Amino acid sequence: MDNLETNKFAGALFGTLLFVVAMNVIASGLFAPKKPAVPGYDLPAPAEGAEAASSAPAAPAEPLPVLLAKADSAKGQTAAKKCASCHSFEKGGPNKVGPDLYGVVGRPVASHEGFNYSAALKAKGGNWTYEDLDAFITSPKKAVPGTAMAFAGIGQAQERADLLAYLRTLSDNPEPLPAAQ
Ligand code: HEC
C-alpha cells in the first residue's frame, strides 16, 4: 500500500478519536450533574403565613361565648381533675400549691386570702373574666409570664369552656355568661 495513503488514513482516524475524546471531556465538564449535599428533593419552603396557620390551635373557629353556651359543666368537673393536685374547689377550701378556686370567676385576680401569689400575677390586676381565665388556662406562662402556676395548659377550646362552665357553678352568685354576638 502506498505509504502516504496509509499515513493519511491513520491521521484521519487518530484525529477523529482525539476529537471524540476531547468532546467527551468537554461535555462531561459542562453537563456534570450537581450532587446535592443532602440526597433527596428540594421541597419548596412553606410561606411564613402558612406555617403560622398550621401551628395555630386545631379549631379556633368558634368564639368563647359560643363554646360556653354549649359547654357541659359535668365534663368540666372531670377536666378539673387536672387542677385538683394543686387547687381545691370547695367554698372555704384550703389553699394548696395554688389558691382555692371556689368563686374564682369574676373574683379580683390574685385576691384569695392567705395565698402568697407571684409578683407577676399580682401585677395583672382586674377581675377574672371568662376571656382572661380562658387565656390563662390555655397557657398560664404565655398569659401571665412569670406566674408560679406550673401547668402546661389545656389545648382544646371546648374542654376549657366545659371547665369554665364548671368553675362558674362554684359560686353563690354565678357570673352571667358572656353574650354571643
Ligand atoms: C402544678 C400546680 C397547679 C396546677 C396543676 C394548676 N394550677 Fe392553677 N395555680 C397554681 C399556682 C401556684 C397558682 C398561683 C399562681 C401565681 O401566683 O402566679 C395558680 C393560680 C391559678 C388561678 C388564679 C387564681 C387567683 O386567685 O387569681 C387560676 C384561675 C387557676 N390557677 C386555675 C387553674 C385551673 C383551672 C387548673 C386546671 C386546669 C389549674 N389552675 C392547674 C398551681 C396550679
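Long hydrophobic helices in the chain: the complete DSSP H runs spanning 30 Å or more by Cα along their own axis with mean Kyte-Doolittle hydropathy of at least -1.0 are 3-30. The packing ranking, built from the mean of other Cβ atoms within 10 Å per residue, places the peptides 24-32, 98-106, 113-121, 69-77 in the order 98-106, 69-77, 113-121, 24-32, highest first. Each of T138 and D172 was given a label point 7 Å from its Cα along the Cα-to-Cβ line. The distance between the two points is 3.4 nm. Neighbours of L163, meaning other residues whose beta-carbon lies under 13 angstrom from its beta-carbon, give a summed charge of +1 when Lys and Arg score +1 and Asp and Glu score -1. Provide, for the chain, the number of lysine pairs with alpha carbons under 25 Å apart, each pair being eight or more places apart or on different chains. Lysine pairs meeting the criterion: 25. Remark: spin-label model distance K122-F31 equals 7.8 nm, labels positioned 7 Å along the Cα→Cβ axis.
Extension gain for E62-V21 works out to 7.6 nm (0.36 nm per residue, less the C-alpha to C-alpha distance).
Label 7 Å along Cα→Cβ of D72; segment 140-171 residues with amide nitrogen under 16 Å? The answer is 156-167, whose backbone nitrogens lie closer than 16 Å to the label point. The Cα atoms of the chain define a convex hull whose projected area, averaged across directions, is 20.4 nm².
From the convex hull of the Cα coordinates of segment 75-139, what is the mean projected area in square nanometres? Averaged projected hull area, Cα only: 4.5 nm².
Bear in mind that the values in this text are calculations on the coordinates, not laboratory data. The shown structure was predicted, so the numbers you read here are calculated from the model rather than taken from an experiment. Positions of Cβ are backbone-derived with ideal geometry, glycine not excepted, and every protein chain shown enters the neighbour counts.
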